[in-house]
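A short reminder: the numbers here are calculations on the coordinates, not readings from a lab. Here the structure is a predicted model, which is why all the values come from computation and not from measurement. When we count neighbours, we look across all protein chains shown, and the Cβ atoms used for this are built from the backbone with ideal geometry, even at glycine.
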Amino acid sequence: MEVKRVRDSNLELLRIVSMFIIVANHFVYFGGFPEQSTLSGQNVFFNLLSPVFGNMGVDIFVLISGYFLVTSTPRYERVVRTALQTTFYAVVFVFVFAVLGITTLSVSAIVKACLAIANGWYWFPTAYCALLLLSPFLNRLLLELTQKQYMSLLVTMFCIILLPITILGTQSLYSDLALFILLYSVAGYVRLFPSKALSNRWQWLAIGILGWLVTASWTLFNRLHLPFNNVLLDHLHWNIGGRNSFTTFVAALGVFLFFRTLDIGHSRVINVVASASFGVYLLHNCWGYTTTWIFQSLFHVGEYSGQGWKLVAYCLFTVVSIYIVCTAIDLVRLYALERPFFRLCHHLIDRHTQRRHDPAS
């Protein structure tokens, strides 16, 4: 009897961590806190969380996907699942927020929600679905390359995607999809060409923390509005602090390689919780609906501005609460709707295939 292979939980744990720090970043970004230009404890705390935490989380999420998908069998069902999940929540929010009287129900809002992937309702799922569509073709290319050719490809991609926008601010060759393809390819290299250098756990953790601190420190320095913060520094702040910056990439890669070498075995709890991580993103970050409402109207996080450790504690409480509730909601959707729906689809497809091959049945 064939033994079903189970996935170890180290990278599934990282999937949870990546989404957790994205929610923490949104605590700051959507909390309605006043802009600060002083070296206060709150300002330091905010710059450790935003924007670097959110951008790291996105990069890590794509790295994990690339690591697993580069050697997997092409399945367009992944794209369908992601698109349907995104559309489902977009449509639900249109109706729920209209019923609550927060927004007005309109035909244009319903149509826009139904086309959530196509119109970029959420920027991340749109770029991610495009990456999933391209992944079979990327795999055909990446799997044919020698290690030397693969490394040459990565260096070329770095030079045309990351470095120009980080150093010069040139965005002509940059897009979210281009960045995702680079991250996918880097993770693929890690999977296909493991080495001792890529397995030095603590070294890569140190590199990841250093990249995080450099990015956060630069963002804080730029926001202090010092007399010598000229136009050049303001320009570099945007590129170094963004998800398309080299330092953000280094931070994400370092954390990814650290978790990759962790040996925590298989945990069903971790893997189940991780399966809802994308749902956590969709539920708490529906632009124009749940973002400001959750952080400002529901949790009133702005009221804790300037309250020191109370702010830190309330941040942790808010992020954990959001993560738990959103995970529970998405797991209900997953087990009550998505899995039964796709089981039915598979059953119908199998019956149709069987009838085509055996017309007499």
For Leu348 and Leu192, extending 7 Å from Cα along the Cα-Cβ vector and measuring point to point gives, in nm, a value of 3.7 nm
For Ile167 and Gln307 in one chain, what is 0.36 nm times their gap in residues minus the Cα-Cα distance, to one decimal in nm?
-> 46.7 nm
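Suppose we take every Cα in the stretch 65-191 and form the convex hull; what volume per residue is that in Å³?
Details: hull volume 16.0 nm³, N = 127.
Value for the stretch 65-191: 126 Å³ per residue.
Using helices alone, I'd like the mean residue ellipticity at 222 nm for the chain: each DSSP H run of four-plus residues gives -39500 (n - 2.57), total over residue count, nearest 500.
Values: 15 runs with 234 residues, N = 361.
One gets -21500 deg cm²/dmol as the mean residue ellipticity at 222 nm.
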Before anything else, pin down the relative contact order of the chain: Cα pairs under 8 Å, at least 6 apart, normalised by residue count, whole percent.
-> 30 percent
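With 10 angstrom as the radius, rank Cys114, Cys345, Cys286, Cys129 by how many other C-beta atoms surround their C-beta, starting from the fewest. Don't skip to the end; give the middle numbers.
On the way: Cys114 15, Cys345 12, Cys286 23, Cys129 19.
Ordered by Cβ neighbours within 10 Å, fewest first: Cys345, Cys114, Cys129, Cys286.
Order of Glu77, Glu338 from fewest to most other C-beta atoms within 10 Å? If you can, show how the numbers build up before the last one.
Numbers: Glu77 12, Glu338 16.
Ascending Cβ contact count within 10 Å gives the list Glu77, Glu338.
Ser72 to Ser152: FRET efficiency via 1/(1 + (r/R0)^6), r the Cβ-Cβ distance, R0 22 Å, to the nearest 0.05? Please list the in-between numbers first.
Working: r = 24 Å, r/R0 = 1.11.
The calculated FRET efficiency here is 0.35.
For the chain, which longest stretch is free of loop sites, where a loop site is one of the trypsin sites (Lys or Arg not before Pro) that DSSP puts outside H, G, I, E and B and that has at most 14 other Cβ atoms within 10 Å?
No qualifying site falls inside 197-361, the longest such stretch.
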Which FRET efficiency value, to the nearest 0.05, do you get for Asp263 and Phe341 by plugging their Cβ-Cβ distance into 1/(1 + (r/R0)^6) with R0 = 45 Å?
-> 0.80
How far apart, in nm, are two points set 7 Å out from the Cα along the Cα-to-Cβ line at Val272 and at Val320?
-> 2.0 nm
Which ³J(HN,Hα) values, rounded to whole Hz and listed in residue order, are derived for the stretch 203-213 from phi using the Karplus coefficients 6.51, -1.76 and 1.60 in 6.51 cos²θ - 1.76 cosθ + 1.60 with θ = phi - 60°, glycine and proline given as x?
-> 5, 6, 5, 4, 5, x, 5, 4, x, 4, 5
Viscosity 0.692 mPa s, temperature 37 °C, Stokes-Einstein D of the chain from Kirkwood C-alpha radius, µm²/s = 148 µm²/s
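With a 10 Å Cβ neighbour count serving as the proxy for reagent exposure, in which order, fewest first, do Asp330, Asp350, Asp59, Asp176 appear? Spell out each step's value before the answer.
Numbers: Asp330 22, Asp350 10, Asp59 27, Asp176 19.
Exposure proxy ranking, most exposed first: Asp350, Asp176, Asp330, Asp59.
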